[in-house]
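To start, the structure itself, in structure tokens.
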Amino acid sequence: MPDAMSKDKKDKSNQLWGGRFSESTDEFVQAFTASVTFDQRMAQQDINCSRAHAQMLGKTGVLSAQDVEKILQGLEEISREIEAGEFPWSVALEDVHMNIEARLTDRIGDAGKRLHTGRSRNDQVATDIRLYMREAIDVLIAEAQRLQHGMLALAERHTDVIMPGFTHLQTAQPVTFGHHVMAWFEMISRDIERLHDCNKRVNVMPLGAAALAGTTYPIDRQYSCELLGFASVARNSLDAVSDRDFAIEFCASAAIIMTHLSRISEELVLWSSAQFDFIELPDRFCTGSSIMPQKKNPDVPELVRGKTGRVNGHLVSLLTLMKSQPLAYNKDNQEDKEPLFDTIDTLMGCLRAFADMIPAIEPKPDSMRNAALKGFATATDLADYLVKRGMAFRDSHEVVGKAVAYGIQQGRDLSEFSLEELQGFSADIEEDVFTVLTLEGSVAARDHIGGTAPAQVKSAIEEARTRIGNAYF
Ligand code: ARG
């Protein structure tokens, strides 16, 4: 029997599960398999999970009241120790769960050893992640809502400012700046809805699933569920410990938010260039160049645009991590945390930067207006004018196309033509044509729900304010 010798070879690292082992884990393998460097950020959630588990075991009589008391006391002290940054984290103890459990036993003795009755790190870690994500989602939603308020403030200040609207990045039709900002607002509204919806799947309690099959001890999962404030109990123990679809779903929602932010970023970068010159980004969101003294670079939007790649990458990581995993828990799942946490951190930083920056943007109305005057933005309005006088749309399209060709040749906008010149293209044209050819006339005419008319943008802002004033779900 290898007893005496193997005992020497065993060390602290195996103290929680080393019973069947005859030698210590290889030093490199120990570091390779450890997660404590990154999962310690779930320490408070792990403690809360243990508190609930101990109280539940006390209620069902598996643990004595005395043991429960000691455990709660010990966990309280450990919680404070962690808060104070004084907890002796040990890579040898692998993960946050075993670090805290070992510390508890060091502090309170045998009662600490009883805490793990009827549970496994498999249901424990799944519960911790969900507790952690639930809080993170609340903070992210609050930050996204702050961004929405900033967008509403910006839109409200500029409902009348006219700019070119683009398709294919070519001047298409005039729009109001407020209308454009409200388009961003709608994108963020759906993002917030997605986070709320994702939270429904996050807020389900795996605890009690134990390693994979449930446990032989009398447990009261409903009671743990109430203590932890989950909406419901996971219905199948195999599924509860193994699936990370809720984390994938969160990363998908985050990737969509980042994709939206990257689109807004791209517009801000373009618009703040000398070539567009549509907006001024406040200096505090930009940096200079170490060599070119004239430079003011839109770093914040550029960085947000860049970080989108990283969040989209995390989504692919998690999908690939989960792909083809047989039931139930596999150690692969330990790899869920770094992408997930980095997604949360990155998204938080980007939303924060945007919520600060967006309301501080200063549009340049003259510059926007001049740009709108350049690209024959009211050509559709002239075609519509002719249709309203009885011409078929395809014919009016042709007529206006000719007028535009003439304008290009002359270097003049349609609104700068004389009445006689316009009548040269169609005898139906009369003096009142100039009201539709102006930028103001063009935007004011799109006067329906969702249209760009300043009056409609004002009511869209009002409607949005009541919508976000109400709780989402
Ligand atoms: N550190 C592990 C994780 O993050 C905890 C669960 C480990 N369970 C196990 N049976 N090895 O997934």
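Rule-based calculations on the coordinates, nothing more; no lab input. Quick caveat, the model's predicted, so the values are computed rather than measured. Every residue, glycine among them, receives a Cβ derived from its backbone with ideal geometry; neighbour counts consider all protein chains shown.
So here's what we get for this one:
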| quantity | calculated |
| --- | --- |
| Among L327, V316, F276 - extreme Cα towards positive end, dipole of the stretch 255-332, charges at beta-carbon | L327 |
| Extension gain (nm, one decimal) between T466 and N236, 0.36 nm per residue minus Cα-Cα | 78.7 nm |
| Note, ³J(HN,Hα) from phi for the stretch 345-351, Karplus 6.51, -1.76, 1.60, rounded to Hz, x at Gly and Pro | 5, 5, 4, 4, x, 5, 5 |
| Amide H contacts of G165 (H built 1.01 Å from N, under 5 Å, at least 5 apart or other chain) | A172, Q173, V175 |
| Förster radius 30 Å - calculated FRET efficiency between S324 and S22, Cβ distance, rounded to 0.05 | 0.35 |
| Dipole moment magnitude, nearest 20 debye, the stretch 199-264 about Cα centre, only Lys, Arg, Asp, Glu C-beta charged | 200 debye |
| The chain, helix-only ellipticity at 222 nm - DSSP H runs n ≥ 4, -39,500 (n - 2.57), divided by all residues, nearest 500 | -20000 deg cm²/dmol |
| Additional length obtainable on full extension of the chain from E302 to D160, 0.36 nm per residue less Cα span | 48.3 nm |
| Environment charge at H196 (Cβ cut-off 13 Å; Lys +1, Arg +1, Asp -1, Glu -1) | 0 |
| Dipole magnitude of the stretch 1-144, debye to nearest 20 (Cβ charges: Lys/Arg +1, Asp/Glu -1, about Cα centre) | 500 debye |
| Those trypsin sites (Lys or Arg not before Pro) in the stretch 325-410 that DSSP places in a loop and that have at most 15 other beta carbons within 10 Å | R389 |
| Contact order relative to length of the chain, as percent, for alpha carbon pairs under 8 angstrom and 6 or more apart | 16 percent |
| Exceeding the 31 Å Cα-Cα cut-off - candidates K364/K388; K200/K331; K402/K458; K113/K331; K307/K364; K200/K307 | K364/K388; K402/K458 |
| Bridge type composition, the chain - antiparallel percent by DSSP, nearest 5 | 80 percent |
| Integer Hz, Karplus 6.51/-1.76/1.60 couplings in order for the stretch 289-294, x for Gly and Pro | 10, 6, 10, 9, x, 7 |
| Rounded to the nearest 20 debye, dipole of the stretch 255-345 from Cβ charges on Lys, Arg, Asp, Glu | 120 debye |
| Exposed-site-free run, longest, the chain (rule: GluC sites (Glu not before Pro); DSSP loop; at most 12 other C-beta within 10 Å) | 87-429 |
| Other-chain or far-sequence residues with amide H under 5 Å of T287's (modelled H) | N297, D299 |
| Cα centroid of the stretch 84-148 to Cα centroid of the stretch 177-192, whole Å | 37 Å |
| Degrees separating the helix 65-83 axis from the principal Cα axis of the chain, which is the longest one | 50 degrees |
| Cα shape, the stretch 29-83, gyration tensor, a/c 1.5 rule | prolate |
| Integer Hz, Karplus 6.51/-1.76/1.60 couplings in order for the stretch 112-124, x for Gly and Pro | x, 5, 8, 4, 7, 4, x, 9, 9, 5, 5, 7, 5 |
| 5 angstrom amide H check on A234, placed H, neighbours 5+ away | M205 |
| H397/T259 FRET efficiency (R0 56 Å; Cβ-Cβ; nearest 0.05) | 0.95 |
| Relative contact order (%) - the stretch 23-141, alpha-carbon pairs under 8 angstrom, separation at least six | 37 percent |
